[in-house]
1. If a residue must be within 12 Å of the chain's Cα centre (by Cα) and assigned to a loop (DSSP other than H, G, I, E, B), how many such residues does segment 68-84 contain?
2. Name every residue in segment 18-49 that is among the acidic types (Asp, Glu), within 15 Å of LYS3 (Cα to Cα) and over 19 Å from the mean Cα position of the chain (by Cα), in order of residue number.
3. Find the residue count for segment 41-98, including only residues that are loosely packed, with under 11 Cβ neighbours inside 10 Å and basic (Lys, Arg).
4. Quick test of your reading of the structure: PHE26 fulfils all but one of (1) out of contact with any helix residue (DSSP H, G or I) (no Cβ under 9 Å at 6 or more places or on another chain); (2) farther than 20 Å from GLY65 by Cα. Name the failing condition by number.
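Since every read-out is calculated from the coordinates, none of them should be taken as a lab result. In this text, all values refer to a predicted model and were calculated from it rather than measured experimentally. Please note: Cβ atoms are built from the backbone with ideal geometry, for glycine as well, and neighbour counts cover all protein chains shown.
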Amino acid sequence: MLKLRLSMGGTKKRPVYKIVVADSKFPRDGRFIEKLGFFNPLLPKEKKERIGLQTDRIKYWLSQGAQPTTRVARLLGEHELVPMPAKGNNPMKAIPKKDRKKEDKEEAPKAEEKKADAPKEAPKAEEKK
């Protein structure tokens, strides 16, 4: 299956991405069929040098059945080449991973305690009568 995706380049802590069409089985930074543009995330969003696209070639590959990844679909949506994908909802994204695990573990025992406490109280009340 053909994908329009980002291939990473640049140096350490200075990423620059190529927008390429590649088979989904190929490695991310490996072999690709054609380079279709570039993306520099370090530049401000207002600068036109941030994203460069070959629109005619992108339209050609989309007509051939190539599927853009989520990130590339957003970039293409900004340039109105494809419809903008729906925004995702991840409410846990703002919480650091180490804290996410703690919250999950804390919630599970609390729920178990409540379940365990409820049956214990009911038989005691019956025994007292």
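1. 1
2. Listed by number, the residues that qualify are ASP23, GLU34.
3. Going through segment 41-98 one residue at a time, the tally reaches 7.
4. Every listed condition holds for PHE26 apart from (2).
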